[in-house]
1. Quick check: anything in region 135-156 more than 21 Å from Met191 (Cα to Cα), more than 13 Å from the ligand (Cβ to nearest atom) and without any contact (Cβ under 8 Å) to a residue 60 or more places away in the chain?
2. Within region 143-179, count every residue that is under 24 Å from Lys200 (Cα atoms) and assigned to a strand (DSSP E or B).
3. Can you find even one residue in region 221-231 that is surrounded by 12 or more Cβ atoms within 10 Å (Cβ to Cβ), away from the ligand (no atom under 13 Å from the Cβ), within 15 Å of Val135 (Cα to Cα) and among the aromatic types (Phe, Trp, Tyr)?
4. Among the residues of region 112-126, are any within 14 Å of the ligand (Cβ to nearest atom), closer than 22 Å to Ala69 by Cβ, in contact (Cβ under 8 Å) with a residue 12 or more places away in the chain and of a type outside the set (Gly, Ala, Ser)?
5. Please enumerate the residues belonging to region 130-187 that are closer than 19 Å to Thr110 by Cα and either of a type in the set (Val, Ile, Thr) or modelled with pLDDT under 95 (or both).
6. Within the set of pairs 6+ apart or on separate chains, which have a first residue in region 206-229 that is within 17 Å of Ala186 (Cβ to Cβ), a second that is buried (at least 20 other Cβ atoms within 10 Å of the Cβ) and among the hydroxyl-bearing types (Ser, Thr, Tyr), and C-beta atoms under 7 Å apart?
7. Cβ contacts < 6 Å: first residue under 24 Å from Gly233 (Cβ atoms), restricted to region 178-193; second residue more than 7 Å from the ligand (Cβ to nearest atom) and among the aromatic types (Phe, Trp, Tyr), any location; separation 6+ or different chain. Result?
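The values are calculated or read from the model by the stated rules, or taken from the named source; none is laboratory data. Being a predicted model, the structure only gives us computed values, none of them experimental. Cβ placement follows ideal geometry from the backbone for every residue including glycine, while neighbour counts extend to all protein chains displayed.
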Amino acid sequence: MTARIALVTGGTGGIGTAIVQRLARMGHKVATNYRDEAKAKAWAEKLKAGGTDVVIVPGDVANPASAEAMVKAVEAQLGSIDILINNAGITRDTTFHKMSALQWQEVINTNLNSCFNVTRPIIDGMRNRKWGRIVQISSINGQKGQYGQANYAASKAGMHGFTISLAQENAKFGITVNTVSPGYVATEMVMAVPEDVRNKIAAQIPVGRLGEPGEIAYAIEFFVNEEARWITGANLSINGGQYMGW
Ligand code: CAA
């Protein structure tokens, strides 16, 4: 296997950490961004103690200039980025009739505009080198909608629109672009949903439980593999059977 250079945005989060560990275990060099330096350093130390080396660089994916500086910092330390996982995301859940412009904008900027901000400074290098793997981490709620998530569902549905356009434009350059749509995984984000609401949602999952971060990271290993070269523009649902749309 060729060792590649990977950037996972939001790598310090629940699903992000599992993706970072999985890519590193595959033999790739992995970087992620942070906004809180002390927290990220502690996180990286913990991973290092477990045998995973990860490069951490400052960067706010919601801000175009900051995202570009983040990409440059990764490339200065590791070299050109071959694998990009657009994973950073937030929620600001509330019913739409109560939603503020700020709650809308924060979610769209962090989850969707980040795809532009981070991918734009990376794509030319992938096209020049004729190899690349880009994966958007979307959500079941971008596929089915969710009460209280008009902002989040719009951002996550938009991510797959981004995927299928980029997939078409870059197919002939050896770049695949795919989406993974996780269901409810036991991370801080999901545990922040009020317990009674969360229990009702969990009861709708045929497999009978929330997902584990590693069960999402498994799909990243699949998509970045050399042999996945003919898989592009796909949206893989990983949700314990909660939503089976096709
Ligand atoms: N369908 C129908 N009615 C619903 C509903 C649903 N799914 N969810 C809530 N309601 C109803 C309630 O029964 C209640 O009705 P009554 O007033 O008649 O009793 C009413 O909506 C409450 O509405 P409010 O506007 O007063 O809402 P609230 O301020 O109490 O909070 C909420 C509503 C913020 C949406 C809260 O229910 C919530 O947090 N829901 C979970 C949203 C969610 O799934 N978020 C996922 C976060 S994790 C993630 O995003 C990761 C991922 O990708 C999967």
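1. Scanning region 135-156, I find no residue that is more than 21 Å from Met191 (Cα to Cα), more than 13 Å from the ligand (Cβ to nearest atom) and without any contact (Cβ under 8 Å) to a residue 60 or more places away in the chain, so the answer is no.
2. The qualifying residues number 0.
3. Applying the first criterion (surrounded by 12 or more Cβ atoms within 10 Å (Cβ to Cβ)) to region 221-231 yields 221-225, 228-229, 231.
Keeping just the survivors that are away from the ligand (no atom under 13 Å from the Cβ) gives 221-225, 228-229, 231.
Checking the rest, the ones that are also within 15 Å of Val135 (Cα to Cα) come to 221-225, 228-229, 231.
Subset that is among the aromatic types (Phe, Trp, Tyr): 222-223.
Within region 221-231 (the criterion being surrounded by 12 or more Cβ atoms within 10 Å (Cβ to Cβ), away from the ligand (no atom under 13 Å from the Cβ), within 15 Å of Val135 (Cα to Cα) and among the aromatic types (Phe, Trp, Tyr)), the answer is yes, since at least one residue qualifies.
4. Yes; the residues of region 112-126 include at least one that is within 14 Å of the ligand (Cβ to nearest atom), closer than 22 Å to Ala69 by Cβ, in contact (Cβ under 8 Å) with a residue 12 or more places away in the chain and of a type outside the set (Gly, Ala, Ser).
5. Correct list: Ile134, Val135, Ile137, Ile140, Thr163, Thr179, Val180, Thr187.
6. These pairs meet every condition: Leu210/Tyr184; Gly211/Tyr184; Pro213/Thr17; Pro213/Thr187.
7. These pairs meet every condition: Asn178/Phe223.
Residue-by-condition table, conditions (1) in a helix (DSSP H, G or I); (2) more than 13 Å from Ile5 (Cα to Cα); (3) at pLDDT 95 or above; (4) not polar (S, T, N, Q):
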position: Ala67; (1), (2), (3), (4): yes, yes, yes, yes
position: Glu75; (1), (2), (3), (4): yes, no, yes, yes
position: Ser80; (1), (2), (3), (4): no, no, yes, no
position: Ile85; (1), (2), (3), (4): no, no, yes, yes
position: Ile90; (1), (2), (3), (4): no, yes, yes, yes
position: Asp93; (1), (2), (3), (4): no, yes, yes, yes
position: Glu106; (1), (2), (3), (4): yes, yes, yes, yes
position: Asn109; (1), (2), (3), (4): yes, yes, yes, no
